[in-house]
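Data first, discussion second: the structure below is written as structure tokens.
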Amino acid sequence: MTSPEPQSPAPQPPEPESKDRVYRSVPAIAGGVLLLAITGWLGIDAVISGEGRTPWLALAVLLLVVPLVAAFTLRPAVYAGDDRLRIRNPFRLVVVPWGQVASLRSSYSNEVLTESGAKYQLWAVPVSLRARKKAARREMRATAQARREMGRDEGRGAALGMRAGLDGGLGGDSVSDGPARAETDRIMDELRGLREARHQAESARGEVTVRWAYEVLAPAVAGAVLVLILVLVG
């Protein structure tokens with residue numbers, strides 16, 4: 001009789017990997033799609049119905065404009081993981097470990113400052129002064145409403161005051177949600193919280209790396225050279 005072969009242990013399921021948080025500008029993407037559609041329509045029409053050097057000039061302009069439009073509208077994105085922050089700007093891809101992030105600054109633009117003093121702009125998280133003003137007005141209205149509610153409830157007597165205390169405070173719906181913030185400011189708050197949580201982590205150490213987006217630069221430069229040649233020759 002042959003002894004039974006030993007069974008190999010069942011493979012352990014892989015540990016789930018944490019996915020990066022992705023931040024992109026929806027208005028920029030919508031505007032980019034619209035611009036690309038208009039540019040493609042005009043360019044293809046010029047190629048088909050143009051005469052002489054017009055089709056070649058249209059192709060050169062498309063080769064120049066399409067990569068630039070895509071770079072400034074569709075390409076920008078911010079990927080926030082547990083160990084690093086990846087910033088995909090129009091012409092560069094910057095990878096910054098959380099241990100190298102000194103601060104995240106938000107004024108007229110949102111920026112990342114590294115421990116070495118370098119500064120990188122977050123193109124995918126643009127600052128909207130209009131959204132900030134709208135959030136400030138919403139916060140002022142919520143504060144005024146809470147004060148009116150407080151004044152009315154104080155005049156009703158102790159009974160309503162006890163009920164308001166059980167409800168979590170007068171005007172609790174407006175106050176408990178915190179101050180109104182613009183969308184990009186909330187994103188920056190999330191990134192700051194992630195930086196505070198992961199800044200000292202051992203896996204969040206490393207060097208800052210920067211890679212140029214040659215897939216955008218090369219066709220744009222080639223298109224610009226072709227346009228210049230066709231204009232000088234024609």
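The values are calculated or read from the model by the stated rules, or taken from the named source; none is laboratory data. Computed from a predicted structure; not experimentally measured. Cβ placement follows ideal geometry from the backbone for every residue including glycine, while neighbour counts extend to all protein chains displayed. Accessible surface is based on the protein model in full, side chains and every heavy atom, while ligands, DNA and RNA are left aside. Shrake-Rupley method; radii C 1.70, N 1.55, O 1.52, S 1.80 Å.
Highest mean packing first, where packing is the average number of other Cβ atoms within 10 Å per residue, the peptides 21-28, 90-97, 47-54 line up as 90-97, 21-28, 47-54. Counting only heavy atoms of the protein chains and using a 1.4 Å probe, Tyr79 has close to 40 Å² of accessible surface. Protection proxy ranking for 101-114, 58-71, 210-223, using the average of other Cβ atoms within 10 Å per residue and placing the highest first: 58-71, 101-114, 210-223.
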